[in-house]
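Notes follow once the structure below has been shown.
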Amino acid sequence: MTPARRYPPSEGLPHARSYAAEHGHLAVPTPTQHAGFPLGSWLLQQRRKARSGRLSAPTLQELTALDPWWNPPWPFAWQRHYHQCRAALATGEPLTPELQRWIRKQTALWEQLHPHQQALLSSIGIHPG
């Protein structure tokens, strides 16, 4: 029996850890740099690898531990809007017109959302219209 192949830890993981600790998620826009590291591009590559089954198990486990929804089954733009909305509601900031429209759309299309999307929205006080 051949021993399992060992992969070195990814150079992006320390940056992902730091970003998640600061922001509470990994819904990072592609152009995002973290301490000079292209974290957004790196995470995009990791999502592609995960979807094709090529991401190493340790990297997958760590990213999932940092943010269970780092690679959601729904469009990633939705995830970014969710985190923007969550942050604004948590801090009491006024919602931008874009986020207000986004919330209206989510409540109107509630039944078409993935059950986990519904749960995420409910957790921040957004419910069907």
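No value in this document is a laboratory result; all are computed from the given coordinates. Fair warning: this is a prediction, and the values are worked out from it, not measured in the lab. Don't worry about glycine lacking a Cβ; one is built from the backbone with ideal geometry, like all the others, and counts go over all protein chains shown.
Taking Cα pairs under 8 Å and at least six residues apart, what relative contact order does the chain come out at, in percent? Could the numbers behind the result be given before it?
On the way: 93 pairs, mean separation 24.5, N = 129.
It rounds to 19 percent for the chain.
Work out the P(r) tail for the chain: percent of alpha carbon pairs separated by more than 21 Å, whole number.
So the pairs more than 21 Å apart make up 46 percent of the total in the chain.
For Gln61 and Gln100, what is the calculated FRET efficiency with R₀ set at 25 Å and r taken between the beta-carbons, to the nearest 0.05?
0.10
Distances longer than 18 Å among the Cα atoms of segment 13-66: what percent of all pairs is that?
That fraction is 25 percent.
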